[in-house]
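This report refers to the structure that appears directly beneath it.
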Amino acid sequence: MTKANVVIGFLGTTLDVGKWDTRWERWRPTIAVCQQDDFIVDRLELIHDDRSASLARRLIQDINQVSPETKVASVIINLKDPWDFEEVYGALHDFARGRSFDTESENYFVNITTGTHVAQICWFLLAETRHVPAKLLQLSPPKKARGDLTSPMRIIDLDLSRYDRIATRFRAEQRDAASFLKSGIATRNPAFNRMIDRIEQVAINSKAPFLLMGPTGAGKSQLARRIYELKKTRHQIEGPFVDVNCATLRGDTAMSSLFGHVKGAFTGAQAARSGLLKSADGGLLFLDEIGELGPDEQAMILRAIEEKRFLAVGADKETASDFQLVAGTNRDLNEAVRSGHFREDLLARLNLWTFALPALRDRPEDIEPNIDFELDRQARDDGAKITFNKEARLRFTHFATSPDAKWSANFRDLSASITRMATLAPKGRIDEATVGEEIERLKALWSGGRRDAATDILNGVFSDERLARIDLFDQSQLATVIAICRDSASLSAAGRRLFAASRREKTSGNDADRLRKYLARFDLDWATVMAR
Amino acid sequence: MLTIDGSQGEGGGQILRSALTLSLLTGEPFRIEKIRAGRAKPGLLRQHLAAVKAAVQISGGKAQGVELGSTALTFEPGEVRAGDYGFAIGSAGAASLVFQTVFLPLARQTAASRLTIEGGTHNLAAPPFEFLERAFLPAVRRMGFDATLTLQRHGFYPAGGGKLMAEIGPVRTGPEKFVAEDRGTLLSRNGEAMFANLGVDIARREAGRLQELLALAEGEVKIREVEASGPGNLLWIEIRHEHITDVFTAHGELNVTAEQVAGKVAKQVDKYIESEAAIGAHLADQLLLPLALAGGGRFTTTRPTPHTHSNIAVIEKFLPVEITITDARRGARLIEVSL
């Protein structure tokens with residue numbers, strides 16, 4: 001059974017008028033819609049006000065004459081001002097809500113040719129949001145100059161997914177966006193790709209907070225920055241990207257760093273400081289390791305998300321800041337809630353969109369594309385193209401995707417590994433020997449529980465690239481030295497502890513100088529080591 | 001079931017209407033495909049639906065694919081019943097085309113039928129009432145198909161609102177074999193510039209120009225104003241010969257001057273007169289089907305139109321007849337329908 005065509009439209013108080021026989025010579029859109037030779041209106045719902053009742057009666061007679069198939073129903077809507085958007089929208093919204101649309105057996109069309117421009121806009125909005133599940137009809141006057149009396153009619157379907165070319169365009173845009181979020185890395189892991197597609201959808205359509213979970217080095221920070229950049233390209237965000245690692249915000253200064261303080265709020269507060277939340281106004285705030293925030297900060301953050309305002313330290317007036325929040329964590333926040341370390345209500349706010357970034361070893365198929373990405377990045381940074389020879393690449397990939405490769409710091413490990421090989425590659429070509437050496441280095445790195453503490457220390461002091469230039473041989477020693485330094489009151493005190501044995505045998509004179517020189521070999525000094 | 005290619009020849013609604021008529025007469029179901037293939041708006045249009053619905057109505061038949069834009073349709077006729085029928089077709093349809101679809105089947109019944117068709121009676125692409133009444137019906141009456149037409153009210157496109165009544169049948173027995181090779185001597189020429197809701201000037205100019213072009217006597221083209229919903233204009237002339245009467249028409253249109261309308265009519269008449277054929281091209285199209293039903297016959301005509309060829313193809317599918325076209329005198333053609 002074919003569906004009946006139901007057309008809804010305003011009586012055109014200018015276009016549809018005409019009392020005399022000459023009205024047939026004029027273009028009347030409501031008549032014309034009933035006169036199409038390839039479209040039959042089974043029912044017309046003619047919207048008009050009480051004042052136009054006689055005009056409506058005549059129009060209905062004329063419709064019966066030209067189109068006996070069409071049943072016409074008068075719908076009375078009295079508008080004080082048909083150009084008042086709020087009133088028209090309200091009236092049409094009521095009209096749509098007050099009736100049922102039987103889309104199983106009827107096709108709906110809204111004739112937007114008649115009615116004010118405001119009414120047209122309202123129809124667009126109602127059709128687009130499917131309050132009125134209709135397509136739009138637009139008629140144009142006959143081309144009388146060509147002797148044609150028929151009125152061309154266009155059917156406009158606002159369901160954009162029905163248009164092949166538009167849909168292709170959207171798919172391409174979405175693909176681009178997803179690829180953008182992945183930094184252009186052609187990842188193959190289906191679960192990861194699905195997650196990125198979801199993130200893309202949510203990022204484009206929602207302002208709600210995101211929670212990115214995942215182990216260290218899984219790319220949370222990178223992804224947050226990409227989400228920011230994507231939103232910025234789409235003009236959904238204008239402000240800056242503010243990246244905060246909450247683990248660095250412990251202690252007294254945490255509140256002040258996040259929320260700012262007024263001048264004189266506490267000893268040492270000689271100038272007012274606006275705080276990170278205020279700097280993120282209009283932009284995106286990435287709070288990494290959010291599980292490390294203290295209880296007071298958690299309470300303030302919650303308020304800042306919910307009310308978009310907060311109290312700076314020492315202030316008696318609230319500061320307003322509207323930002324998109326992305327939180328990152330490598331801890332199980334549910335567990336933190338159970339143990340009383342994390343506010344349940346804050347987790348509930350963050351938990352709307354939670355994405356768990358998988359560890360690199362859980363995405364073995366993505367290791368190769370990431371190797372290529374790292375090589376490209378090296379090339380961009382150093383200006384020299386680095387390549388693997390075939391056997392070397394095979395061997396490295398084989399190892400990298402094997403269960404032996406733990407990738408415990410995930411992309412940080414992979415990036416460091418590629419950087420090291422690139423640095424050591426003879427003539428920009430990574431050979432099997434370099435790979436063999438690197439595999440041993442990685443195995444050593446991942447063996448033994450102490451490695452993590454040492455890596456963390458070194459990562460805190462060196463950039464990945466600088467660290468890659470330090471031999472593994474030196475790394476563990478250097479980590480121990482830094483740890484001792486941080487545990488000591490001064491350079492001399494550290495020197496005394498580090499060189500205690502030679503000191504007893506009187507082979508060394510100036511421990512402090514010896515330590516300073518050792519650190520200098522790695523471009524370090526006391527201040528850098530202590531600043532963390 | 002017969003399958004008809006709706007895109008062949010002229011490929012318009014004519015093939016569909018002829019097929020419907022023949023199916024009603026023979027009881028043979030058919031399927032028509034590629035309806036109006038290659039047109040800007042392919043498939044069934046509104047005026048075609050009117051013809052299908054009328055065919056269903058008078059026979060209680062079944063049709064599948066009766067939808068706007070449908071490019072294939074299956075029709076299974078029931079038994080044609082004489083009776084009173086009303087069809088409301090609106091302004092897009094043409095009353096005469098609906099009439100022609102059901103006329104022959106109803107004219108074959110033993111009881112009379114009455115039709116009321118409301119809508120357009122004078123549409124551009126359809127034979128006007130004057131042609132049916134003065135040329136078509138007198139010719140088919142000789143073949144045993146009877147009808148009387150009354151135009152109660154004119155309905156021009158786009159306003160419509162006309163009303164055509166028809167009394168059809170009952171069947172007459174023992175018709176003569178239709179032969180029209182010579183038209184005989186000219187008896188009369190009788191034209192009319194008919195108009196509604198337009199300045200009388202248009203009709204005057206048409207009449208004057210036609211008179212001039214065809215060298216007619218004063219009073220051979222009359223002027224008549226009619227009642228109708230909207231504006232409309234038709235110029236027609238009836239040419240009566242001893243053995244046959246034909247009618248030639250042209251509609252007044254937007255951006256076509258009154259003189260051009262007269263020129264269109266005069267051109268058809270000149271062509272007809274010069275050819276010495278008995279029957280003009282339009283009437284020839286319309287007579288093929290009744291002739292095939294009435295046991296054959298022959299007539300001379302001017303150059304056949306594409307309509308004629310597509311019509312012949314459809315008729316030969318349904319009926320065991322052979323229709324030939326051969327050359328006759330002075331560029332005319334002889335069309336012979338034989339069993």
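The values are calculated or read from the model by the stated rules, or taken from the named source; none is laboratory data. Quick caveat: nothing in here was measured; it's all calculated off a predicted structure. For neighbour counting, all protein chains shown are included, and Cβ atoms are generated from backbone atoms with ideal geometry for every residue, glycine included.
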* **Test: B:Ala196 is within 14 Å of another protein chain (Cβ to nearest Cβ), in contact with a strand residue (DSSP E or B) (Cβ under 8 Å, 6 or more places away or on another chain) and surrounded by 20 or more Cβ atoms within 10 Å (Cβ to Cβ)** => yes
* To do: Name the one entry in B:Gln47, B:Gln57 that is more than 18 Å from the chain's Cα centre (by Cα), part of a helix (DSSP H, G or I) and not assigned by TED's automatic domain parsing to the domain that holds B:Gly161.
  => B:Gln57
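Looking only at residues in the stretch A:66-83 that are within 14 Å of another protein chain (Cβ to nearest Cβ) and under 53 Å from the mean Cα position of the chain (by Cα), which one is modelled with the lowest pLDDT? It would help to see each step written out before you state the result.
Applying the first criterion (within 14 Å of another protein chain (Cβ to nearest Cβ)) to the stretch A:66-83 yields A:66-72.
Subset that is under 53 Å from the mean Cα position of the chain (by Cα): A:69-72.
Details: A:Glu69: 92, A:Thr70: 95, A:Lys71: 96, A:Val72: 96.
Restricting to residues being within 14 Å of another protein chain (Cβ to nearest Cβ) and under 53 Å from the mean Cα position of the chain (by Cα), the top hit is A:Glu69.
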* All positions within the stretch A:510-530 that are in contact with a helix residue (DSSP H, G or I) (Cβ under 9 Å, 6 or more places away or on another chain) and small (Gly, Ala, Ser) -> A:Ala512
* Structure fact -> Of the candidates B:Arg153, B:Arg142, B:Arg134, the one satisfying the condition of being in contact (Cβ under 8 Å) with a residue 12 or more places away in the chain, surrounded by fewer than 17 Cβ atoms within 10 Å (Cβ to Cβ) and of a type outside the set (Asp, Glu) is B:Arg153
* **Subset of the stretch A:125-166 that is exposed (fewer than 13 other Cβ atoms within 10 Å of the Cβ), aliphatic (A, V, I, L, M) and away from chain B (no Cβ under 14 Å) - its residue that is nearest to A:Arg23 (Cα to Cα)** => A:Leu160
* Asked: So which of B:Thr71, B:Thr26, B:Thr21 is touching a Lys or Arg at 6+ places or on another chain (Cβ under 8 Å) and among the hydroxyl-bearing types (Ser, Thr, Tyr)?
  -> B:Thr71
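Could you tell me which residue of the stretch A:324-369 is nearest to the chain's Cα centre (by Cα), considering only residues that are among the β-branched types (Val, Ile, Thr) and more than 27 Å from A:Asn205 (Cα to Cα)? Explain how you work it out, then say what you get.
At the first step, the residues of the stretch A:324-369 found to be among the β-branched types (Val, Ile, Thr) are A:326, A:329, A:337, A:354, A:367.
Checking the rest, the ones that are also more than 27 Å from A:Asn205 (Cα to Cα) come to A:337, A:367.
Numbers: A:Val337: 26, A:Ile367: 24 Å.
Top of the filtered list is A:Ile367.
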* Read through the list (1) over 37 Å from the mean Cα position of the chain (by Cα); (2) closer than 26 Å to A:Thr216 by Cβ; (3) among the charged types (D, E, K, R), then give the number of the only condition that A:Lys443 fails. => (1)
* **Checking A:Ser508 against (1) at pLDDT 85 or above; (2) in contact with a Phe, Trp or Tyr (Cβ under 6 Å, 6 or more places away or on another chain), the condition it does not meet** => (1)
* Asked: Of all residues in the stretch B:28-43 being surrounded by 15 or more Cβ atoms within 10 Å (Cβ to Cβ) and facing another protein chain (nearest Cβ under 10 Å), which is nearest to B:Glu316 (Cα to Cα)?
  -> B:Gly43
* Scanning the stretch A:38-65 for residues that are surrounded by fewer than 16 Cβ atoms within 10 Å (Cβ to Cβ) and within 14 Å of chain B (Cβ to nearest Cβ), which turns out nearest to A:Lys80 (Cα to Cα)? -> A:Arg58
* Do we find a residue being at pLDDT below 95 and in contact with a Leu (Cβ under 7 Å, 6 or more places away or on another chain) anywhere in the stretch A:96-107? -> yes
* Determine which member of the set B:Ser275, B:Ser310 is under 30 Å from B:Val171 (Cα atoms) and of a type in the set (Gly, Ala, Ser). => B:Ser310
